[in-house]
Amino acid sequence: MISSSEIIDMDQLDHTRCRNWPFLQDFCVTCGMCASSCPASGIDGFDPRMLVRMVSLGLAEEVIDARWPWICTMCGKCENVCPMQIDIADLIRKIRSKREREKVPGILHKGLVAALETGNNLRLPKDDFIFIIEDVAEEVAEEPGFEGFKAPIDKKGANILTTIHNKLVNTHTEDLKHWWKIFHAAKEDWTVTSENWEGTSWGYFTGDDDAMKIMAGRIVEQMEKLEVKTLLWPE
C-alpha cells in the first residue's frame with residue numbers, strides 16, 4: 001500500500017511558505033474550480049477534484065492503478081484557478097511515475113526507451129533524418145522568395161538551435177516549413193543537430209525524471225558542442 005505521505009512529506013511543510021512546496025493536496029477544499037476548468041473533465045468520469053481528494057485520503061494505490069492520471073492533458077489550467085494553490089499537474093506526474101513502466105499506456109514507454117537508446121522516439125537513423133531535412137528544405141527552396149534555401153545541419157556557432165518534434169519528420173513534415181520560413185525572413189542564424197534532435201520528452205509526460213534529465217542533458221551537450229547561444233524548444 002502506498003500512502004499519501006509518499007506523495008508528499010507533510011512533516012516538511014512550512015505553512016508560511018506553502019506555495020513553495022509541491023502538490024499540497026491535503027489543502028483541498030473541494031470547491032470544484034479545477035474540475036470546472038479542466039478540458040478533460042468528465043471523460044470516463046475523470047474529475048481532478050476527486051483525484052486530489054483520493055490521494056489526500058490515502059487512496060494513492062487506487063489512483064496509480066486507474067486510467068484517470070493518463071486522461072489529464074497536463075495543461076495546468078486547474079493549478080491556475082485553484083484557490084489553495086495545489087500543484088495538481090505535478091501531482092499527476094508523481095502518480096504517473098509510480099506506475100510500473102511496462103504498464104504505462106500506449107506507446108509512451110516504448111517511445112521513451114527508443115529515445116534513450118537512439119536519440120529519438122522513432123528510432124530514425126541519422127542518415128534518414130538528414131535526408132528528410134534536406135528534402136523538405138528543397139521543397140521550401142522551390143517556393144517564390146525562398147530560392148537557394150537550405151536547412152543548416154550541425155552549423156557551429158549559430159545563434160539558435162531548434163529541436164524537432166518526432167512527428168515533424170514522420171507524418172507532419174509540412175509543419176517544419178513554418179519555422180524555417182520565419183527564420184529565413186528574419187535572416188536568423190539557426191541550425192538543427194543531426195544527433196539527439198528529439199524535442200519531445202516522454203519522460204516528462206510519464207513522470208520519469210531520470211529519463212527527462214538525460215534527454216535535456218543531451219540537448220545541452222549539442223549546444224555546447226556546436227557553440228550555439230540560444231535554444232528554441234518548440235515542444
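The values are calculated or read from the model by the stated rules, or taken from the named source; none is laboratory data. Source: prediction; values computed, not measured. Here the Cβ is made from the backbone with ideal geometry for all residues, glycine too, and neighbour counts use every protein chain on show.
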Of the residues in segment 100-148 that are in a loop (DSSP other than H, G, I, E, B) and of a type in the set (D, E, K, R), the one that is surrounded by the most Cβ atoms within 10 Å (Cβ to Cβ) is R123
Considering segment 178-227, residues that are part of a loop (DSSP other than H, G, I, E, B), surrounded by fewer than 21 Cβ atoms within 10 Å (Cβ to Cβ) and of a type outside the set (G, A, S), and then whichever is nearest to the chain's Cα centre (by Cα), we arrive at N196
If we keep only residues of segment 149-169 that are within 15 Å of T193 (Cβ to Cβ) and hydrophobic (A, V, I, L, M, F, W, C), then the residue surrounded by the fewest Cβ atoms within 10 Å (Cβ to Cβ) is I153
Exactly one of D47, D26 is of a type in the set (D, E, K, R), over 21 Å from A211 (Cβ atoms) and more than 25 Å from the chain's Cα centre (by Cα), and that one is D26
Test: residue in segment 32-42 that is over 26 Å from the mean Cα position of the chain (by Cα), at pLDDT 90 or above, farther than 15 Å from G207 by Cβ and not in a helix (DSSP H, G or I): yes
- Check segment 181-190 and report whether any residue there is closer than 24 Å to L108 by Cβ and out of contact with any strand residue (DSSP E or B) (no Cβ under 9 Å at 6 or more places or on another chain). no
task: Report whether or not K181 is of a type in the set (D, E, K, R) and touching a Leu at 6+ places or on another chain (Cβ under 9 Å).
output: no
For A141, the lone unmet condition from (1) touching a Phe, Trp or Tyr at 6+ places or on another chain (Cβ under 6 Å); (2) at pLDDT below 95 is (2)
When L91 is run through (1) outside any helix (DSSP H, G or I); (2) surrounded by 16 or more Cβ atoms within 10 Å (Cβ to Cβ), the failure sits at (1)
